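The values are calculated or read from the model by the stated rules, or taken from the named source; none is laboratory data. Because the structure is a prediction, the values reported are computed rather than measured. Neighbour counts are summed over all protein chains in view; Cβ atoms, including those assigned to glycine, are modelled from backbone coordinates with ideal geometry.
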Amino acid sequence: MIDKIGRGWDAPGLVSYLMGPGRTNEHTRPTVIASWQSDPGALQPAQIGPDDFDFDPAGMAALRAHVQAPADAAGLPRRQPAEGEPGFTKHGYVWHCSIALPAADGALTHEQWGQIAAQVMDQTGIAPANDPGGCRWIAVHHGTSAQGNDHIHIAATLVRQDTGKRFYPKNDFHVVRSVSRDWERKLGLTETGQDDRSADRAVTRGEQEKTTRQRAAGRLRDRPRTDAAETIRGRLQQTVAETAATAGSPDEFLAGLRDHGMLVHLRRDGAGAVSGYAVADPEFTTKAGKPVFYGGGKLASDLSWPKITAGLARHGGPLPERPAEKITWDLTSQKLREAAGAVVLARSELRSTGADRVRGDIAVAGQRLMVAYSRVTDGAHPEPGRPRTAAVWHGHRSARAARPHTTQTGPAAAAADALNDAARNLLALRMVAERGPSRSASIELAVALAGLMLEIAAWHEQRHQPNAANAARSSAHHVRAGAPQTLTPAAPAPDLRTDTAPRTPGVAARPGLPQHQGRSQQPPPKGPTR
């Protein structure tokens, strides 16, 4: 199932939208199939004409009024208050959730959709079962979309009927994802990814449309992109994530954003210390010509200021001095091979340790080395379509799931420190020409990184994080594809196929891991649990 959640201020407008043809005529036969008062049929407006949307105006007005009534009784506005006005907040009280099936899954009955909607309302706390004072809501079913997706929309007014107080659901996206997964298993539907908190923030329709308009008007210059959306949010996310991965301190991070041409706005606490930040692309503006700022946490969960600073405290550090001697192929090949050696040792440690903290450190540090490798070989602004750029992008998604949901303090694991040192040593070179000895050394590092990413993918699978595992495998594929191809690799290329062979009891399967000589006869090495 594919689920999305949005918030707004205009419940009557949302009801009209759901009972109408939609913005691009994607709605057909709108039907109220579930509601807060357990009698959705009583809320369905009578159809007075042949068209799917020829509803009795009085019935439509009544439906809009029923859904909006608690908000009106609480004196809530139907538009977002401007900053400085009483009641200003960015969180609207109108909750809108859509849930759709992949086209291959066909369609569900109204009864099944109604049960799904009721479970969503119950588990989010918006309208718990057997709680007559909960929020008002309706679920509207449409026929299949233009892409063949059977789907429903849920509209709720987040105001309790008994107290008139606003209700604020917590972790509603993750709860809805969990409900969707439950029903996928129950009905035998296509199983979508578990909520492993590695997914990108959802791109809004408005962001997509605005990016298209500004690009058509020539106001956005092309930049190397690897994500499907190609929106301003995605572009900023890529820039911020890569800057954080190559910075050694918070000051370097902020300076790096400005070096990339980003506008940076800082929020400070009462003591004057930085407590948050927001970035904007000067080319992406409102109609009035003002830049559109995005807070780091709105770009991705791991890009908030606390997560950035905690990560830099754990994995950052100053760059070594640029070598005084002339940068030769022998020197660059030495640094590349040292990095490859650190990766091989880190992979062995990740495979043998039982501590998720150590594995997470290695995954994050491995991504920092991936970014450094891409930076020194392809440059800070590579041409579109470079495989290593794609490897970095997918690697960010994998590393995001590896980071703890709360900030950690203290030093990183030793194997991760070695990866971080290797990344800093590469960045100190600034650029690496993949010629002569450096060419074969670059191949060694690419092969080693691909193997590490496959081991990280196996760890994600063990933790039931399929989205992150897929991202790690994609990163492995792209970094290997981006290596120089004209020489025979000094180490065997990882087998990117899925390993389905039986495993030793108690040892998690590792999809996609290369099968080295003798590995099938011996269990993986065991090390001390940390």
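Does region 354-362 contain any residue that is within 14 Å of Leu419 (Cβ to Cβ) and either touching a Ser or Thr at 6+ places or on another chain (Cβ under 9 Å) or not in a helix (DSSP H, G or I) (or both)? For region 354-362, residues within 14 Å of Leu419 (Cβ to Cβ) and either touching a Ser or Thr at 6+ places or on another chain (Cβ under 9 Å) or not in a helix (DSSP H, G or I) (or both): present.
Tell me whether region 86-93 contains one or more residues that are of a type in the set (A, V, I, L, M, F, W, C), farther than 26 Å from Glu191 by Cβ and more than 31 Å from the chain's Cα centre (by Cα). Within region 86-93 (the criterion being of a type in the set (A, V, I, L, M, F, W, C), farther than 26 Å from Glu191 by Cβ and more than 31 Å from the chain's Cα centre (by Cα)), the answer is no, since none of the residues qualifies. The residues of region 297-317 that are among the polar types (S, T, N, Q) and assigned to a helix (DSSP H, G or I), listed by number, are Ser301, Thr309.
Within region 108-124, the residues that satisfy the criterion of being over 15 Å from Glu184 (Cβ atoms) and not charged (D, E, K, R) are Thr109, His110, Gly114, Ala117, Ala118, Met121, Gln123, Thr124.
Residues in region 164-179 that are over 18 Å from the mean Cα position of the chain (by Cα) and surrounded by 15 or more Cβ atoms within 10 Å (Cβ to Cβ): 4 in all.
This table checks each residue for (1) modelled with pLDDT of 50 or more; (2) surrounded by fewer than 24 Cβ atoms within 10 Å (Cβ to Cβ); (3) at positive phi; (4) not assigned by TED's automatic domain parsing to the domain that holds Ala346.
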{"position": "Leu445", "(1), (2), (3), (4)": "yes, no, no, no"}
{"position": "Asn467", "(1), (2), (3), (4)": "yes, yes, no, no"}
{"position": "Ser474", "(1), (2), (3), (4)": "yes, yes, no, no"}
{"position": "Ala490", "(1), (2), (3), (4)": "no, yes, no, yes"}
{"position": "Ala501", "(1), (2), (3), (4)": "no, yes, no, yes"}
{"position": "Pro511", "(1), (2), (3), (4)": "no, yes, no, yes"}
{"position": "Gln515", "(1), (2), (3), (4)": "no, yes, no, yes"}
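Could we say that Thr31 is among the polar types (S, T, N, Q) and exposed (fewer than 15 other Cβ atoms within 10 Å of the Cβ) here? The answer is no for Thr31. The requirement of being in a helix (DSSP H, G or I), assigned by TED's automatic domain parsing to the domain that holds Ile232 and at pLDDT 90 or above is fulfilled somewhere in region 274-296, by at least one residue. Scanning region 328-346 for residues that are under 10 Å from Leu419 (Cα atoms) and either of a type outside the set (A, V, I, L, M) or outside any helix (DSSP H, G or I) (or both) gives Glu338, Gly341.
Pairs are defined by a Cβ separation below 7 Å, a sequence spacing of at least 6 or placement on different chains, a first member in region 255-272 that is in the same structural domain as Gly296 (by TED's automatic domain parsing), and a second member that is surrounded by fewer than 12 Cβ atoms within 10 Å (Cβ to Cβ) and part of a loop (DSSP other than H, G, I, E, B); the pairs so defined are Gly261/Pro282; Leu263/Pro282. How do the pairs read when you match residues in region 56-82 that are touching a residue at least 12 places away in the same chain (Cβ under 8 Å) and not assigned by TED's automatic domain parsing to the domain that holds Gly92 with residues anywhere that are exposed (fewer than 15 other Cβ atoms within 10 Å of the Cβ) and assigned to a helix (DSSP H, G or I), using Cβ under 8 Å and keeping only pairs 6 or more apart or on different chains? Listed pairs, sorted by first residue: none to list.
Do you know which residues across region 260-289 are of a type in the set (Ser, Thr, Tyr) and over 20 Å from Ser304 (Cα atoms)? Selection gives Thr285, Thr286. Using the structure shown, decide if Pro86 is part of a loop (DSSP other than H, G, I, E, B) and either of a type outside the set (S, T, N, Q) or surrounded by 10 or more Cβ atoms within 10 Å (Cβ to Cβ) (or both). So Pro86 fits the description; yes. A single member of Thr144, Thr192 is at pLDDT below 85 and either within 23 Å of the chain's Cα centre (by Cα) or of a type in the set (D, E, K, R) (or both), and it is Thr192. Working only within region 38-79, note down all residues that are among the basic types (Lys, Arg) and assigned to a helix (DSSP H, G or I). Result: Arg64, single match. Against the list (1) at pLDDT 90 or above; (2) within 16 Å of Pro30 (Cα to Cα); (3) more than 25 Å from the chain's Cα centre (by Cα), the condition Ile154 fails is (3). The one condition from (1) modelled with pLDDT of 90 or more; (2) touching a Pro at 6+ places or on another chain (Cβ under 6 Å); (3) not in a helix (DSSP H, G or I) that Leu108 does not meet is (2).
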